[in-house]
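Enquirer: Here you go, one structure.
The values are calculated or read from the model by the stated rules, or taken from the named source; none is laboratory data. Given the structure is predicted, the values throughout are model-derived calculations rather than measurements. A quick note on method: Cβ atoms are made from the backbone with ideal geometry, for glycine too, and the neighbour counts reach across all protein chains shown.
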Amino acid sequence: METRLYATHHLGRLLHEAPDLIDWVLQLLITQLYDPAMEVCEVAVMYLEEACQDPVNLEKVVYLRPTLEHLGDAGANLFLRFMSTSAGFLYLLQAQYIDYELESWISVSLETSSRKLTAGTKPPLRH
């Protein structure tokens, strides 16, 4: 894993030092999203988020259609960046990410509300 982590950080440096390689770097960072070590995935996400601050790079990443679902919370900000563009929103809609996230959000919200209601009701005092 050390080598893959080093390679991912090197790709991140190339984002700044070799702008002519940006397309290649973005492709390789996306492949790092599927690494078995979550630490490598998180570093790749960090650099992709940074690169996607530029709308041109964001469009390039969306075009490559990476899967984000397996990243969990680590991919949440990247997911939101995708949602900020029409191409990204369309991709997420077609890939059913938006439906999945809405269902998950509703489920968690209902569970949280249920717990609050249950915690708010106290059993009657017995004498």
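Enquirer: Can you tell me which residues in region 75-91 are under 9 Å from the mean Cα position of the chain (by Cα) and either without any contact (Cβ under 8 Å) to a residue 12 or more places away in the chain or farther than 19 Å from Ala44 by Cβ (or both)?
Expert: Correct list: Ala76, Leu80.
Enquirer: Which of the following residues is at pLDDT below 90 and on the phi < 0 side of the Ramachandran plot: Ala51, Ala44, Ala76?
Expert: Ala76
Enquirer: If the requirement is being outside any loop (DSSP other than H, G, I, E, B), touching a Pro at 6+ places or on another chain (Cβ under 9 Å) and of a type outside the set (S, T, N, Q), which of these qualifies: Ile22, Ile30?
Expert: Answer to the selection: Ile30.
Enquirer: Go through region 8-21 and give me each residue that's more than 17 Å from Leu71 (Cα to Cα) and within 20 Å of the chain's Cα centre (by Cα).
Expert: Result: His9, Leu11, Gly12, Leu15.
Enquirer: For region 48-74, how many residues meet the condition of being assigned to a helix (DSSP H, G or I) and either touching a His at 6+ places or on another chain (Cβ under 8 Å) or among the acidic types (Asp, Glu) (or both)?
Expert: Let us first name the residues in region 48-74 that are assigned to a helix (DSSP H, G or I), namely 48-51, 55-64, 69-74.
Retained after the next criterion (residues that are either touching a His at 6+ places or on another chain (Cβ under 8 Å) or among the acidic types (Asp, Glu) (or both)): 49-50, 59, 69, 73.
So the answer is 5.
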